[in-house]
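What follows is a single structure, written as structure tokens, with notes after it.
What follows is calculated from the coordinates using simple rules that are stated; it is not laboratory data. Just so you know, these numbers come straight off a predicted model, no measurement behind them. No Cβ is skipped: glycine too gets one built from the backbone with ideal geometry, and neighbour counts run over all protein chains shown.
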Amino acid sequence: MNSEKSELACSFMPALAMVILLGFEYASDRGYIQLGTAVYGLTTLCAFGLPLALTVFLTKGMEEKTVRTKGIKWRFLSFIVLMSVALVFMSIIINWLLSMIFSGRYVPQSTLASSGADLWQILLVSAVAPAVMEELFFRGALLSGLESRGFYPAMIMSALAFALVHGDIYNIGGPFFCGLMYGYMTYITGSVWSAVVAHLINNSLMLFITYLIQRYSAVGLWRYFLILVFLLFFILLYFSAGKLEKLIEKGKVPRIKRGSLFSEISAVAASPGLWLLIVIFAFRSVYL
């Protein structure tokens, strides 16, 4: 299979992941399976493990393929941590805005915190497994599989796919911007593991914050918490941007090659796999 056909096939892999997720959701809604830590873990493994394996197979031998699997250099770690925490608060702000627009109230994401499972099980299936499997797929195999169109189009497409696969209109903005930053981290560090670490921090902290929101929602502290979220976001963004600026000044951050704006937009818009994923997302949002 030549590079063009391989790239075309890769663009459909997020849609496959979405279909698998919807299959598990359908089975749960009909009572065929009972949601729990084991099923959550199996869902993640199937929904992202299979597309990951297929993408790796389809892109085997592609000259443009650059799967960044080497380790993270220590000089990037403080930037990754600070930016990852900033992204958590940014996601809360964006999701809050979307919730107010579409429903008039904040809709926190559901977690396994009330499932009765042990803490280590909750962290494993809700934080660790998604961080590893999703990033190896989206910022590892998929990003490299689409990169022949240019890094920016590949980064945008992988971020859009990442957001749409979440399948929730209230939780689409946060994952999109996180996906963009995870892609950027992967590029400048030369390691997909930077995105895994950032995603793991995001998932873990979001679990804790969602638990606090659900536990103390009746106390009426939400408005004060939201103010705190805004403050923390801007503070962390300031310090993480400072860390990145120092890395750039020292010449430690590689420049991303740019094409024309029209060609980059065209590359994103011309992806049939992305359009199929949008259709599936719309179908789920309206009918499921």
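Just wondering, is there one or more residues in region 72-87 that are of a type in the set (Lys, Arg) and either more than 24 Å from TYR170 (Cα to Cα) or surrounded by 15 or more Cβ atoms within 10 Å (Cβ to Cβ) (or both)? I'd like the intermediate steps shown before the answer.
Initial filter on region 72-87 (of a type in the set (Lys, Arg)): 73, 75.
Keeping just the survivors that are either more than 24 Å from TYR170 (Cα to Cα) or surrounded by 15 or more Cβ atoms within 10 Å (Cβ to Cβ) (or both) gives 73, 75.
Yes, because at least one residue in region 72-87 is of a type in the set (Lys, Arg) and either more than 24 Å from TYR170 (Cα to Cα) or surrounded by 15 or more Cβ atoms within 10 Å (Cβ to Cβ) (or both).
Would it be correct to say that ALA53 is exposed (fewer than 15 other Cβ atoms within 10 Å of the Cβ) and under 16 Å from LEU143 (Cα atoms)? Before you say what the answer is, go through the steps one by one.
On the way: exposed (fewer than 15 other Cβ atoms within 10 Å of the Cβ): yes; under 16 Å from LEU143 (Cα atoms): yes.
So ALA53 fits the description; yes.
Quick check: anything in region 249-259 surrounded by fewer than 18 Cβ atoms within 10 Å (Cβ to Cβ), in contact with an Asp or Glu (Cβ under 8 Å, 6 or more places away or on another chain) and assigned to a loop (DSSP other than H, G, I, E, B)?
The answer is yes, given that some residue of region 249-259 is surrounded by fewer than 18 Cβ atoms within 10 Å (Cβ to Cβ), in contact with an Asp or Glu (Cβ under 8 Å, 6 or more places away or on another chain) and assigned to a loop (DSSP other than H, G, I, E, B).
Residue-by-condition table, conditions (1) touching a helix residue (DSSP H, G or I) at 6+ places or on another chain (Cβ under 7 Å); (2) loosely packed, with under 14 Cβ neighbours inside 10 Å; (3) of a type in the set (Val, Ile, Thr); (4) on the phi < 0 side of the Ramachandran plot:
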| site | (1), (2), (3), (4) |
| --- | --- |
| TYR152 | yes, no, no, yes |
| VAL192 | yes, no, yes, yes |
| LEU205 | yes, no, no, yes |
| LEU228 | no, yes, no, yes |
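I'm trying to understand the selection: among the residues of region 167-209, which are closer than 26 Å to ALA282 by Cα and either hydroxyl-bearing (Ser, Thr, Tyr) or assigned to a loop (DSSP other than H, G, I, E, B) (or both)?
GLY167, ASP168, TYR170, ILE172, TYR182
Of all residues in region 189-218, how many are over 13 Å from LEU87 (Cβ atoms) and in contact with a Leu (Cβ under 8 Å, 6 or more places away or on another chain)?
Result for region 189-218: 3.
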